[in-house]
1. When the Cα centres of the stretch A:177-254 and the stretch B:255-329 are compared, how far apart do they sit, in Å?
2. Could you work out, residue by residue across A:322-329, how many beta carbons of other chains sit within 10 Å of that residue's beta carbon, and then give the average as an integer?
3. From the mean inverse distance of alpha carbon pairs (Kirkwood) and the Cα radius of gyration, derive Rg over Rh for the stretch A:1-145.
4. Give the long-range amide H neighbours of residue B:59: residues separated by 5 or more places, or on another chain, with amide H under 5 Å away, using H modelled in the peptide plane at 1.01 Å from N.
5. Over the stretch B:230-374, what is the relative contact order in percent, taking alpha-carbon pairs closer than 8 angstrom and at least six residues apart?
6. Compute the Rg to Rh ratio over the stretch B:220-268 from the alpha carbon atoms, using the Kirkwood formula for Rh, and round to two decimal places.
7. Normalised by the residues of the stretch B:113-163, what does the relative contact order come to in percent, with Cα pairs under 8 Å and at least six apart?
8. Quick check: pseudo-label points 7 Å beyond the Cα along Cα→Cβ at residue B:282 and residue B:229, how many nm apart are they?
2 protein chains.
Amino acid sequence: MEVRARAPGKIILAGEHAVVHGSAAVAASIDLYTYVSLRFPTPSDNHDTLNLQLKDIGLELSWPVGRIKEAFPESSGCITSSPTSCPPDTLKLIATLVEEQNIPEAKIGLAAGVTAFLWLYTSVQGYKPAKVVVNSELPLGAGLGSSAAFCVSLAAALIALSDSGNQDFSREGWLTFEDSQLELVNKWAFEGEKIIHGKPSGIDNTVSTYGNMIKYKSGGLARIKSNMALKMLITDTKVGRNTKALVASVSERAVRHPNAMTAVFTAVDSISNELATIIQSASSADLDIVEKEEKVEELMEMNQGLLQCMGVSHASIETVLRTTLKYKLASKLTGAGGGGCVLTLLPTLLSGTVVDKVIAELESCGFQCKIAGIGGNGLEICFNISSS
Amino acid sequence: MEVRARAPGKIILAGEHAVVHGSAAVAASIDLYTYVSLRFPTPSDNHDTLNLQLKDIGLELSWPVGRIKEAFPESSGCITSSPTSCPPDTLKLIATLVEEQNIPEAKIGLAAGVTAFLWLYTSVQGYKPAKVVVNSELPLGAGLGSSAAFCVSLAAALIALSDSGNQDFSREGWLTFEDSQLELVNKWAFEGEKIIHGKPSGIDNTVSTYGNMIKYKSGGLARIKSNMALKMLITDTKVGRNTKALVASVSERAVRHPNAMTAVFTAVDSISNELATIIQSASSADLDIVEKEEKVEELMEMNQGLLQCMGVSHASIETVLRTTLKYKLASKLTGAGGGGCVLTLLPTLLSGTVVDKVIAELESCGFQCKIAGIGGNGLEICFNISSS
């Protein structure tokens, strides 16, 4: 029995940074996924290890389940009904298990993800031997929610095959979870995100779990239903950045220029609200899809200007903007800025030739481009009974 | 007897476009000048034409004073005590005199300036024959106040040699006018600007007349005294733009997004006020020149982001920004945007080698760079008695 779960990445359509200062923000799922496959060995396999393969990274880790039990005896396992935070002492014990794997220096950034994996796995499945394989279409650390997509798909796979999973394994194709189970997955994923990020907002795992779009403000989340098919070019500048330092720099600027920055955050709040309204509104004779796209483009341009005003742009981002501007396409950075990813709206009527040209020009600058549909499905799972 | 007058160009340091919507703006003089030399022939010259040479443009025009008197008899002349607007009928008569000169098509944009010249000349000096030579360090139509500098230096030269000029011709070097005469020059220059621009704000001629800096808001002007020596690199993108269309596009955006844009204009207002405060503040142990420059740079970056949010940037402007950013220099567009000029602060401690590199790189893009001191003297005159 094998279960596969897939969970999407996310982009921030409007409001990054300003959200920290009380403005509304809008996040949306993208149709780029992280896939987690979970398979338990049959008794005849005589297999007693927990195996984790991170395919894209080329990392394979393996622990004898006895070693996990020894290092980490207090894990109760099978407590899927009540996701809990990993206690600091347990975190230390898990860290020992991770250290023993001697992850190469270049991949040491993944240690927190591996720690989250061990906590989620043992919390839901205890000390069962298993093989877990992870594939992802999402670049790591680029602000596209790769860690949340990993935690969501992992938690879903674990819960699907747990005693309380209550799944009909005979159904075929990609299936959705019931609401109560989505809620459970989202909570566990948030616990994993805490191990990876310290103080995550909960936006990434919520978007990855439920898909579609979310408007959030001062801790409150509202799921919104998109009424337009948006397609974005996502350009990864591959410039790494320090999100904490960028958030701090905006706060410092707000301290130095309180009046100006308060007004800037107010402007962003309006933009996020307008964007949510346009995306939710039904297309009609009064406002057809082209007009809606033009409005979204204008709001993206405005939001980008305000992000530049906050000081979180970067030469690489400006290069993307300048390149897409040549083709009259609107772009904005998404996420923390200072590098990372840039969104470019691809209007419905844009020719494929132009898209190819833009991508070729951006990739010649050393950037990596992906086209993504915006606001699609969240978490889905798929069973494969024949697999043993 | 020859008089030379020189009047500076201007830049907008903060607040362009937003000023139309009620925000404060800050304009400053630059040490790039337009020079007007005025010389009357001696009786022995037997010279009866009014001659205008625009040296930089390579245009020389000449009218027999009898022809001017004939076409334009109602000019009273010598009415320097009360500058008045050129009546529409008179404007038509002057237009005939300008048309007769058959200005080449490529230079026809100067016709309004020539019209302003004839109105100011005859209003102050009547039908005297004279030779007027104009030189300028200011590019035309680039938003650096070239027309105002022309009107101010012309009016000053005309008034200096008028009966009411009341000048001590024996003083040497560049001299300043008394306040009452500056006021007179400023008013005449404004009348000239009206012929050239239709509805000028009066900022350009005021800055050119008085020099230094001006803060203005909703029609109110306040002269401010700079307490720091600012040096800017002014990059002319040489991309022409339509100021009226740009102003209209910002207004349209404000109609489409009233809440967001109101907040944007509020942010700009704060930036202009902060900038004026920093520039006026005395340097001290608490805030030395380097810190003051860093604050100005931050405010420039913020203002530029807000201008991008208004949608008045341009690919050429972005190229300048990206180039100067590589050298960690802060830039913003100045004036209407959509091309035109970009300001880059040159900090006191910046090495000449870096400045040379930046200029070389910008000029390799086809732009033209000038270094200008900011907030210097306004109008000055100089007599040359030996000249006959």
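1. Cα centroid to Cα centroid, the span is 31 Å.
2. If you average over the peptide's residues, the count of other-chain Cβ atoms is 1.
3. 1.01
4. Amide H to amide H, under 5 Å and 5 or more residues apart or across chains, residue B:59 pairs with B:54.
5. Relative contact order comes out at 45 percent.
6. 1.11
7. That works out to 49 percent.
8. Going from the residue B:282 label point to the residue B:229 one covers 1.9 nm.
The values are calculated or read from the model by the stated rules, or taken from the named source; none is laboratory data. As the structure is a prediction and not an experimental result, all values here were calculated from the model. Using ideal geometry, Cβ is built from the backbone for each residue, glycine included, and neighbour counts are taken over all protein chains shown. Ligands, DNA and RNA are stripped out before the accessible areas are found, and what is left, the full protein with its side chains, is counted by its heavy atoms. Shrake-Rupley method; radii C 1.70, N 1.55, O 1.52, S 1.80 Å.
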